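K.L.:
Take a look at the following structure, please.
None of the figures in this text is laboratory data; all of them are computed from the coordinates on show. A quick note: this is a predicted structure, and the numbers were derived from the prediction, not measured. Ideal geometry is used to build each Cβ from the backbone, glycine not excepted, and the neighbour counts take in all protein chains shown.
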Amino acid sequence: MKFHFIFIFLTMVFSYILLHVYFAGWLIKNFSLTLQTGRILRLALLSLAFLSPFTMFLRRHCENIIYEYICFFGALWMGMIIIIAFSIASHDIIIFAAKKFTSSKYLSNLRIAAISAAILIIIFSIYSAFLVPNIKKITVTMPEFPQNIDNLKIIQIADTHMDFPYNIRQFEAIIKKINAAKPDLVLMTGDFIDPPMTCNGRIIKAVKSLNPKFGIFAVLGNHEYYQGYEKSVECHKKIGARLLENEIFQFDDFQIIGLNDIKATKMTENDIKKIISKRDKNKFSIIITHQPLFFDVMAENMDFFALAGHIHRGQIFPGHIFAKMIYKYFYGLYQINNSRLYVTSGAGSWGPKMRFLAPTEIPLITLSKK
């Protein structure tokens with residue numbers, strides 16, 4: 001299993017560099033660039049290939065406004081090259097297929113169409129990422145759900161990835177929508193804040209404005225460990241969220257089981273079984289975890305409703321393809337036996353502030369017995 005993930009990671013890195021080489025070659029071929037211009041173009045694009053990884057290391061020092069813009073555009077390029085490569089690859093496939101039926105002179109303008117399509121998709125993707133997510137209403141019927149709290153309204157906050165001030169404005173608007181929905185329970189499933197952002201007054205004030213009947217509960221995502229474990233724990237205390245670290249919180253009629261980020265803490269199947277074995281078997285269980293892993297293992301041992309995130313629904317197509325290669329439970333509602341799992345696309349964006357064919361959302365899940 002470990003080898004599988006390393007192989008996928010290395011494949012993604014190699015593919016990312018290859019996208020820049022492919023784009024340079026495509027421009028040289030389709031626009032008949034000179035040898036000297038082609039060399040400069042290749043060098044420029046290879047430099048851009050290392051811009052995004054460089055900004056990942058720079059992020060912790062982005063308190064300066066100039067660094068902030070460098071980090072923003074460095075991350076943005078990562079999404080842009082994916083969309084550009086997808087667009088020009090589609091162009092090449094169409095050209096290859098159409099050559100047998102159409103004269104090449106009618107196909108020459110498709111190169112302009114491919115570039116134009118890429119530009120339009122990039123603009124749309126950036127626009128989509130800056131939109132305040134819509135409330136997505138989901139009703140889940142489970143016969144085992146306790147009658148006393150039928151129609152329990154749960155809001156899931158996942159993958160906000162707040163790193164720069166513009167994210168806070170978006171988050172404040174998200175909180176307003178959540179308050180308008182009047183949930184009974186708010187569950188935070190990780191990746192709340194990213195460097196260089198700190199848990200400041202605006203963030204604390206926004207979360208504390210929530211007043212769900214059963215409170216706010218949270219688990220750590222992998223980015224909480226990147227941010228710093230102690231900082232992340234302290235942040236959750238400040239915002240008033242009850243952080244569950246492989247713990248179970250008991251209510252009269254149900255219990256919440258919170259799992260630490262499974263990958264970041266290298267949890268095994270046996271670790272999961274040990275944690276869930278401590279539950280009250282007479283109460284309905286709600287599980288919150290960051291990464292949608294071991295769903296089948298847990299479903300073999302108990303009945304429950306679970307929430308997860310992490311994958312962002314691929315965030316930028318065709319990133320969906322790689323995400324599905326790694327994660328069996330990719331997006332949406334899944335069922336094994338009498339258990340359900342909902343994997344959200346998240347409320348924010350990691351890396352490039354872009355979303356293409358993977359809109360953000362704020363899940364509002366109503367658990368019902370009927």
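K.L.:
Which of the lysines could be linked to Lys29 by a straight reach, that is with a Cα gap under 28 Å, when you skip same-chain ones fewer than 8 residues away?
P.N.:
Lys99, Lys100, Lys105
K.L.:
Which one of Leu35, Ala75, Thr11 is farthest out on the positive end of the charge dipole of the stretch 2-129, using unit charges on Cβ (Lys, Arg +1; Asp, Glu -1) and the Cα centre as origin?
P.N.:
Projecting each Cα onto the dipole axis, the largest value belongs to Leu35.
K.L.:
For the pair Leu35 and Lys328, how long in nm is the line joining their label points, each one 7 Å along Cα→Cβ?
P.N.:
5.6 nm
K.L.:
Please report Val233, Val219 as a ranked list, fewest other C-beta atoms within 10 angstrom at the top and most at the bottom.
P.N.:
On the way: Val233 14, Val219 28.
Sorted ascending by nearby Cβ count, the order is Val233, Val219.
K.L.:
Dipole magnitude of the stretch 189-256 about its Cα centre, charges +1 at Lys/Arg Cβ and -1 at Asp/Glu Cβ only, in debye to the nearest 20?
P.N.:
Dipole magnitude for the stretch 189-256 comes out near 460 debye.
K.L.:
Still on this model: From the square roots a ≥ b ≥ c of the eigenvalues of the alpha-carbon gyration tensor of the stretch 308-370, which class results: rounded (a/c under 1.5), prolate (a/b over b/c), or oblate?
P.N.:
Oblate, since a/c reaches 1.5 and b/c is not below a/b.
K.L.:
Of the DSSP beta bridges with both residues in the chain, give the percent that are antiparallel, rounding to the nearest 5. Intermediate results must be reported in sequence, preceding the final value.
P.N.:
On the way: 13 of 44 bridges.
In the chain, approximately 30 percent of DSSP beta bridges are antiparallel ones.
K.L.:
Okay, moving on. Of the listed values [x] 41, 23, 19; [y] 34, 26, 21; [z] 30, 26, 20, grab the one calculated as semi-axes √(5λ) of the Cα gyration tensor in Å from the structure here.
P.N.:
Comparing each candidate, only [x] matches the computed number.
K.L.:
Express the relative contact order of the stretch 9-111 as a whole percentage, based on alpha carbon pairs under 8 Å and six or more residues apart in sequence.
P.N.:
Working: 54 pairs, mean separation 27.9, N = 103.
With pairs under 8 Å counted, the relative contact order is 27 percent.
K.L.:
While we're on this one: For Asp150 and Thr265 in the same chain, what is the full-extension length gain: residue separation times 0.36 nm, less their Cα-Cα distance, in nm? If you can, show how the numbers build up before the last one.
P.N.:
Values: separation 115, 0.36 × 115 = 41.40 nm, distance 3.47 nm.
Gain on stretching Asp150 to Thr265: 37.9 nm.
K.L.:
Now a separate question. Got a sec to turn the phi values of the stretch 15-20 into Karplus ³J(HN,Hα) couplings, 6.51 cos²θ - 1.76 cosθ + 1.60 with θ = phi - 60°, whole Hz, x for Gly and Pro?
P.N.:
3J(HN,Hα) across the stretch 15-20, in whole Hz: 5, 4, 5, 4, 4, 5.
K.L.:
A further question on this structure: So what is the relative contact order for the chain, in percent, with contacts set as C-alpha pairs under 8 Å and at least six apart? Please list the in-between numbers first.
P.N.:
On the way: 658 pairs, mean separation 77.9, N = 370.
Contact order relative to length: 21 percent.
K.L.:
Can you bin the stretch 271-330 into rounded, prolate or oblate? Criterion: square roots of the alpha carbon gyration tensor eigenvalues sorted a ≥ b ≥ c, rounded for a/c under 1.5, prolate for a/b above b/c, oblate for the rest.
P.N.:
Working: a/c = 3.38, a/b = 2.62, b/c = 1.29.
Prolate shape, in that a/c is at least 1.5 and a/b is the bigger ratio.
K.L.:
With +1 on each Lys and Arg Cβ and -1 on each Asp and Glu Cβ, and nothing else charged, work out how big the dipole of the stretch 133-368 is about its Cα centre, in Debye to the nearest 20. List each step's numbers first, then the result.
P.N.:
Working: 29 positive and 23 negative charges, 131 e Å.
With Lys and Arg at +1 and Asp and Glu at -1, about 620 debye.
K.L.:
In sequence order, what are the phi-derived ³J(HN,Hα) couplings for the stretch 156-164 according to the Karplus relation 6.51 cos²θ - 1.76 cosθ + 1.60 with θ = phi - 60°, rounded to whole Hz, with x for glycine and proline?
P.N.:
Using θ = phi - 60°, the values come out as 10, 10, 9, 6, 6, 6, 5, 10, 10 Hz.
K.L.:
Let me ask something else about it. Can you show me the helix-derived [θ] at 222 nm for the chain, built from DSSP H runs with n ≥ 4 at -39,500 (n - 2.57) apiece and divided by the number of residues, rounded to the nearest 500. List each step's numbers first, then the result.
P.N.:
Working: 12 runs with 172 residues, N = 370.
About -15000 deg cm²/dmol.
K.L.:
Next question. May I ask you to list the lysines whose Cα is less than 16 Å away from that of Lys177, ignoring any residue fewer than eight positions away on the same chain?
P.N.:
Lys136, Lys137, Lys153, Lys205, Lys208
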